[in-house]
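The block underneath contains the structure these notes are about, expressed in structure tokens.
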Amino acid sequence: MTTVAIYSLKGGVGKTTLAINLAWCAATMSARRTLLWDLDPQASATWLLGDGAAHDRAGALFARGVAPDKLIRATPFDRLDLLPADASLRDLNHLLRALDKKRRLRKLIAELGDHDTVILDCPPGLTETAEQVVRAADLLVVPVVPSAFSQQAFAMLDRAFGGQVPMLPVHMMVDRRRALHIEAVERHPDWPVIPMASAVENATAQRLPTGVAQPRSPAAAAFAQLWRTIEQLRT
């Protein structure tokens, strides 16, 4: 099993968009049995791929030792399952500190033996949850939008966790009509690029991965290429 965490210190940089589309690519392009684990109490991935209901049970995995397979739900897509989030995760950082079990998340992932790939949609911030994610993940995929704030956040993340787990920064929401975006991409030409695209917004409005809603769009091709890059890093 491979665990890929989609993580950033900042919110609003496209973490959930990456998580959903990479999970779909893993299940569809690589035919891997994939689990998307939504760890964000905003539950955006859960809203898009799940039934939209608020179950208020996600925190029980950590607090009461409920087996993960009790909460896993199938999605409309072959080989793609969802471990949903809800508002009960809003106090997860406090709970993890109280439990004082530094590898709690890693242990729970180890109980998901019938999945080939786990994609974690992580909440933002330099928190106890983030430290648990770093201990559990085989790869951090870090969305970085072409802005000074987002790039500073990545630099801080690299200082905090660099060397502890492999990181793959991704240029996110790139608009090549903007000089600052072009300059940011040119500074790091080896980073994968996901374009700013109406296809992504339209797919989200339809509650679908981009590869389903807009399969021939440049954005869908960019997500697919990013997944192929991740597959190469796995080998």
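The values are calculated or read from the model by the stated rules, or taken from the named source; none is laboratory data. Since the structure is predicted, the reported quantities are computational estimates derived from the model, not experimental observations. Heads up, the Cβs are rebuilt from the backbone with ideal geometry, glycines too, and the neighbour counts pull from every protein chain shown. Please note that ligands, DNA and RNA were not included when accessible areas were found on the heavy atoms of the full protein model with its side chains. Shrake-Rupley method; radii C 1.70, N 1.55, O 1.52, S 1.80 Å.
Cβ separations smaller than 8 Å between residues 6+ apart or across chains give the following pairs from the range 149-163 residues that are among the hydroxyl-bearing types (Ser, Thr, Tyr) to residues that are open to solvent by 60 Å² or more (accessible area, probe 1.4 Å): SER150/LYS10.
Does the range 100-120 contain any residue that is open to solvent by less than 20 Å² (accessible area, probe 1.4 Å), part of a loop (DSSP other than H, G, I, E, B) and either closer than 16 Å to TYR7 by Cα or not aromatic (Phe, Trp, Tyr) (or both)? I'd like the intermediate steps shown before the answer.
So in the range 100-120, the residues open to solvent by less than 20 Å² (accessible area, probe 1.4 Å) come out as 105, 108-109, 112, 115, 117-120.
This time we only want the ones that are part of a loop (DSSP other than H, G, I, E, B), so: 112, 115.
Narrowing the set further to residues that are either closer than 16 Å to TYR7 by Cα or not aromatic (Phe, Trp, Tyr) (or both) leaves 112, 115.
Yes, some residue in the range 100-120 is open to solvent by less than 20 Å² (accessible area, probe 1.4 Å), part of a loop (DSSP other than H, G, I, E, B) and either closer than 16 Å to TYR7 by Cα or not aromatic (Phe, Trp, Tyr) (or both).
Which of the residues belonging to the range 134-146 are open to solvent by 40 Å² or more (accessible area, probe 1.4 Å) and part of a loop (DSSP other than H, G, I, E, B)? Across the range 134-146, the qualifying residue is only ASP138. Please verify whether the range 136-145 includes one or more residues that are touching a residue at least 12 places away in the same chain (Cβ under 8 Å) and farther than 26 Å from LEU49 by Cβ. No - not one qualifying residue is present in the range 136-145. Taking the numbered list (1) over 27 Å from THR204 (Cα atoms); (2) modelled with pLDDT of 95 or more in turn, LEU61 passes all entries but (2). Contact map, the range 17-29: residues that are more than 17 Å from ALA199 (Cβ to Cβ) paired with residues that are surrounded by fewer than 24 Cβ atoms within 10 Å (Cβ to Cβ) and charged (D, E, K, R), Cβ distance under 7 Å, separation 6+ or inter-chain. Pairs shown: ALA26/ARG32; ALA27/ASP78; ALA27/ARG79.
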